[in-house]
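For reference, the structure discussed in these notes is given below.
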Amino acid sequence: MRIIILVFLLVMLSTNFAVSSADMPMQLNNLEHHPEKESFMVINFIEQQNVNSWRITNDGVMGGKSEGRFLVEQGKGTFLGNISLDNNGGFSSVFRTIEPISEAVETVTIDILGDGLSYQLRMIVTLDGYRLAYKHNINTVSGKREMLSFTLADFQASFRGRIISNAPILKSEDIREIGFLVTRKSAGEFALSIFSVSF
């Protein structure tokens, strides 16, 4: 009787192992071809809905005379213009609204071609009825195309130019707009080409 039981157990164990082994490649293949809900969004300048969504805000809102423009051509958007320091001016910016981003997205990657100036990558959220800008500095190299990634948690919150030190950490699902801002200590031209922004 013991021999029969032992044989039965061995057969069962062998069968289970064979089934598990056979299932393993299928499970791995499923992971390779069907990854778990990748949450990402790409802004480019090829799809028409991404082309007409950008708007310029210059320092004219404060009496300044800087001029910024946004041109789209050959698969890229170029934020360019001239910074004037007249009337306490000195900045230009470009923004666009975005579709809601899924929760737990942690990074943003930009594909840009700079002019050697420093820019700010900005994420806009609404908190308690106030429009907060979360910003991250970008130091560009003139004539060099770069792919740069930033962690959303490293962005600094600001309101009307002032840093808000006790603001909550930037979360992907709270972002309503994305944009770029440039300031200069001396008057002059600027040009930043943007090929894509991805979360």
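Using a simple spin-label model with pseudo-atoms 7 Å out from Cα toward Cβ, residue 97 and residue 109 lie 2.8 nm apart. Run the paramagnetic zone check for residue 55: 7 angstrom along Cα to Cβ, then residues of the range 67-106 with backbone nitrogen under 16 Å. The answer is 68-70, 93-99. Measuring nothing but alpha carbons in the range 42-198 and taking Rh as the Kirkwood radius, the Rg to Rh ratio lands at 0.94.
The slack in the chain from residue 67 to residue 187, taken as 0.36 nm per residue of separation less the alpha-carbon distance, amounts to 42.1 nm.
Here's the list of lysines a cross-link from residue 144 could span, going by alpha-carbon distance under 16 Å and ignoring same-chain residues fewer than 8 apart: 76.
Report the extension gain between residue 163 and residue 126 in nm, rounded to one decimal, defined as 0.36 nm multiplied by the number of residues separating them, less their alpha carbon distance. Don't skip to the end; give the middle numbers.
Details: separation 37, 0.36 × 37 = 13.32 nm, distance 1.55 nm.
Stretched fully, the residue 163-residue 126 segment lengthens by 11.8 nm.
Each of 130, 119 was scored by other Cβ atoms within 10 Å of its Cβ. Listed from fewest to most, they are 130, 119.
Cut-off is 10 Å between beta-carbons; in what order do 127, 152 appear when sorted fewest neighbours first?
Working: 127 13, 152 20.
With the fewest neighbours first, 127, 152 line up as 127, 152.
A simple rule links phi to the HN-Hα coupling: the Karplus curve 6.51 cos²θ - 1.76 cosθ + 1.60 with θ = phi - 60°, which for the range 153-159 gives 5, 8, 6, 9, 7, 9, 9 Hz, with x for Gly and Pro. Using the alpha-carbon positions of the range 110-199, Rg (one decimal) and Dmax (whole number) come out as 13.7, 41 Å.
What's the local net charge at residue 68, with K and R +1, D and E -1, over the other residues with C-beta under 13 Å away? Numbers along the way, then the final one.
Working: positive: 55, 65, 69, 184; negative: 59, 67, 189.
Net charge in that neighbourhood comes out at +1.
The modelled label-to-label distance between residue 149 and residue 137, using points 7 Å beyond Cα along the C-beta direction, is 2.3 nm.
Only the coordinates and a few stated rules stand behind these numbers; no lab work does. Because the structure is a prediction, the values reported are computed rather than measured. For neighbour counting, all protein chains shown are included, and Cβ atoms are generated from backbone atoms with ideal geometry for every residue, glycine included.
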